[in-house]
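First up is the structure itself, then whatever we jot down about it.
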Amino acid sequence: QFAKPQDAVKYRQSAFIVMAASFGRIGAMVQGKAPFDAKAALQNAEVVAFMSHLPWQAFGPGTDLPDSHAKPEIWKEMDKFKADANKLQEMTPKLVAAAKTGKLDEIKVVFGETAKTCKACHDAFREEL
Ligand code: ASC
């Protein structure tokens, strides 16, 4: 699927960047840093939900490159890594459902739960460079 390991790294980093940008737009509303816009919240939640499926396929064998944020634990504990990815994929449709209510309070709760799944996986598997 990827011609070079570097291509896989670029792919997964790009997917995370797009997901984080959309998640961050919802976060700004939740934190009162941006005005609440129900339509934009829903559009961004849908992007997050879609993107939550993409990065994982790019963590194949041989893509453990230095200078990436990926800890070697990903490849040593691939089952746990996949389980963490699944937790995110179970949360993101709930974020979409919350956005569909149009109620910021409901979005806030699910946003917080979703952010916890991001953080749990980062704590185990993401290196701050
Ligand atoms: C974000 C973002 C993350 C997560 C994480 C949650 O908005 O870019 O990586 O939330 O900070 O703890």
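The values are calculated or read from the model by the stated rules, or taken from the named source; none is laboratory data. Keep in mind the model is a prediction, meaning the values are calculated, not measured. Please note: Cβ atoms are built from the backbone with ideal geometry, for glycine as well, and neighbour counts cover all protein chains shown. Surface areas here come from the heavy atoms of the whole protein model, side chains and all, with no ligands, DNA or RNA. Shrake-Rupley method; radii C 1.70, N 1.55, O 1.52, S 1.80 Å.
For n ≥ 4 DSSP H runs only, could you compute -39500 (n - 2.57) per run for the chain, divide by its residues and tell me the 222 nm figure to the nearest 500? Don't skip to the answer; put the middle values down first.
Values: 5 runs with 90 residues, N = 129.
Counting only the DSSP helices, I get -23500 deg cm²/dmol.
So if a site counts as exposed when it's one of the GluC sites (Glu not before Pro), its DSSP state isn't H, G, I, E or B, and it has at most 14 other Cβ atoms within 10 Å, what's the longest stretch of the chain without one?
Details: sites that count: 127, 128.
Longest run free of exposed loop sites: 1-126.
Can you give the Rg to Rh ratio for the chain, taking only C-alpha atoms and Rh from Kirkwood?
Values: Rg = 15.3 Å, Rh = 15.2 Å.
Computed over Cα atoms, the ratio is 1.01.
Among the lysines, select those whose C-alpha is under 30 Å from the C-alpha of residue 100, and discard any that sit fewer than 8 residues away in the same chain.
Cα-Cα hits under 30 Å: 33, 39, 82, 87, 108, 116, 119.
Protein chains only, probe 1.4 Å: how do 25, 126 rank by accessible area, largest first? Working shown, then result.
Working: 25 135, 126 85 Å².
The ranking, largest first, comes out as 25, 126.
Between residue 108 and residue 14, 0.36 nm times their residue separation minus their Cα-Cα distance comes to what?
Numbers: separation 94, 0.36 × 94 = 33.84 nm, distance 2.57 nm.
Value of the extension gain: 31.3 nm.
Pull out the extension gain between residue 80 and residue 37, defined as 0.36 nm times the separation in residues minus the alpha carbon to alpha carbon distance; nm, one decimal.
Working: separation 43, 0.36 × 43 = 15.48 nm, distance 3.58 nm.
Extra length from residue 80 to residue 37 when fully extended: 11.9 nm.
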